[in-house]
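Q: Take this structure, written in C-alpha cells, and hold onto it; I'll ask about it next.
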Amino acid sequence: MQYLKNILLTALAPIIWGSTYIVTTELLPEDQPFTAALIRSIPAGLILLLLFPARLGRENGLKMLILSVLNIGIFQGLLFVAAYRLPGGVAAVVGAMQPIIIMVIIWLLDKNKPRFTVLASGIFAIVGMATIFVNNSTSWDHIGLMAAFAGTVSMSLGTFLSKRWGSELHIMSFTGWQLLLGGICLVPFAIAFDTLPSSITLNNFIGYFYLSSFGALLAYSLWFRGIKALPSTSVSSLGLLSPITALTLGWIILGEDLGINQIAGVVTVLVSILFIVNHSNKAKKTPTHVLSNNS
C-alpha cells in the first residue's frame, strides 16, 4: 500500500510537467529558454529554503552542486531549448528514452544487467510514444533534438546519483538547494543567449508563476521524494506520463485531433509503465533497486 502511495504521489510530478510545453508556447515570451528555466527554478528554491533552512557541509555541498547542475541546470535549460524548437511530441519521444538510459547507466556503473522483459518494456514505451507523436509532417530540428537528448541523459544521470548518494537533508531542503543552485547556473546562459523582453504581460506573469510554483516547487518536491522512496527505474518510467499529459491537454485545450494511432500509443505506453513499476516493486530489495538478471 505504501508503494502504491509513493507511486501515485511521484506520478503527479510528470503529470504537472506535462503542461510545460503548452504553457511555454501559449503564455511565455518567445525565444527565452534560459530565462524561463531560471525564473522557474530560483524563486521556488528560495521559498523552500526559507521554509526549510539547511546548511551544506563541504562534501554534501559538492554532491549537491553536481545534482543541481544535472537535475536542474542542464536539464531545465535544455528542456526549454527543446520546447522552443521542437513540437512537444518529438521531445516526448526523445524523453521516453529515459528508462532505457537509466538501465544502461546502472548496468555500466553497478554491473546490474536489466532483464530482457523490462528492457523490452522500455523499448515498447518509445515505440508507443513514436506512434502517438511522429508522422510524415513532423518537424525535426537538429539543435532541438540534441538538446532534448542531452537533457534526458542529464536527468537520467541525476536521478541515478540522487538515489545512490541520498541525503540527510529534509526533502524540501534537498529540493530547494537543487532548484536554487541549478537556477543560478543558468544565469550566465540567459545573459549570453536570451533577449530580455521590454515588458512582461499578464499572460507571461501567469505562465512564470505556474511554472515556478507548480512546475518546480511542488513537482520537484514530489519527484525527489519519489527518488528517495522508489527504485530508480520505476521513477524514470513515471516520467512517461508527462507527454501523455501534454497530449491530453492539447486535445482538451487546443482542440488537437486524437486518432486511433494516438490512442493505441497511449495504451502501449501505459502498459509499459505498469509493467516496469510492478517489476520494480518485486525487485526492490536489490541494492540498487534495479531490475537485473541477478534479482
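Q: Restricted to segment 213-241, and to residues that are polar (S, T, N, Q) and buried (at least 24 other Cβ atoms within 10 Å of the Cβ), which residue is farthest from Leu274 (Cα to Cα)? Talk me through it step by step, then tell me what you get.
A: Applying the first criterion (polar (S, T, N, Q)) to segment 213-241 yields 213, 221, 232-234, 236-237.
Subset that is buried (at least 24 other Cβ atoms within 10 Å of the Cβ): 232-234, 236-237.
Details: Ser232: 15, Thr233: 12, Ser234: 9, Ser236: 12, Ser237: 9 Å.
Per the criteria, the residue is Ser232.
Q: Now a separate question. For Met172, are the conditions met, namely being part of a helix (DSSP H, G or I) and more than 17 Å from the chain's Cα centre (by Cα)?
A: When the stated conditions are applied, Met172 passes them.
Q: For Trp140, only one of the following conditions fails: (1) touching a Leu at 6+ places or on another chain (Cβ under 6 Å); (2) in a loop (DSSP other than H, G, I, E, B). What is its number?
A: (1)
Q: Separate question: So, in segment 21-54, how many residues would count as being within 19 Å of Leu169 (Cα to Cα), more than 19 Å from the chain's Cα centre (by Cα) and not aromatic (Phe, Trp, Tyr)?
A: 8
Q: Is there a residue being touching a residue at least 12 places away in the same chain (Cβ under 8 Å), part of a helix (DSSP H, G or I) and either touching a strand residue (DSSP E or B) at 6+ places or on another chain (Cβ under 6 Å) or more than 30 Å from Val134 (Cβ to Cβ) (or both) anywhere in segment 227-242?
A: If we filter segment 227-242 for residues that are touching a residue at least 12 places away in the same chain (Cβ under 8 Å), which is where we start, we get 227-242.
Filter once more, keeping what is part of a helix (DSSP H, G or I): 227-229, 232-238, 241-242.
From what is left, the residues that are either touching a strand residue (DSSP E or B) at 6+ places or on another chain (Cβ under 6 Å) or more than 30 Å from Val134 (Cβ to Cβ) (or both) are 228-229.
Checked against the condition, which is being touching a residue at least 12 places away in the same chain (Cβ under 8 Å), part of a helix (DSSP H, G or I) and either touching a strand residue (DSSP E or B) at 6+ places or on another chain (Cβ under 6 Å) or more than 30 Å from Val134 (Cβ to Cβ) (or both), segment 227-242 yields at least one hit.
Q: Here is a follow-up. From the list Pro43, Pro99, which residue is assigned to a helix (DSSP H, G or I), under 27 Å from Asn278 (Cβ atoms) and in contact with a Ser or Thr (Cβ under 7 Å, 6 or more places away or on another chain)? First the steps, then the outcome.
A: Numbers: Pro43 fails: under 27 Å from Asn278 (Cβ atoms).
Going through Pro43, Pro99 in turn, just one is assigned to a helix (DSSP H, G or I), under 27 Å from Asn278 (Cβ atoms) and in contact with a Ser or Thr (Cβ under 7 Å, 6 or more places away or on another chain): Pro99.
Q: Condition first: of a type in the set (S, T, N, Q), part of a helix (DSSP H, G or I) and touching a residue at least 40 places away in the same chain (Cβ under 8 Å). Now tell me which residues in segment 1-30 satisfy that.
A: In the first step, residues of segment 1-30 are kept if they are of a type in the set (S, T, N, Q); the result is 2, 6, 10, 19-20, 24-25.
Filter once more, so that each one left must be part of a helix (DSSP H, G or I): 2, 6, 10, 20, 24-25.
Matches in segment 1-30: Asn6, Thr10, Thr20, Thr24, Thr25.
We did not get these values from a lab; they are worked out from the coordinates using the rules stated. Quick caveat: nothing in here was measured; it's all calculated off a predicted structure. Neighbour counts run over all protein chains shown; Cβ positions are idealised from the backbone, glycine included.
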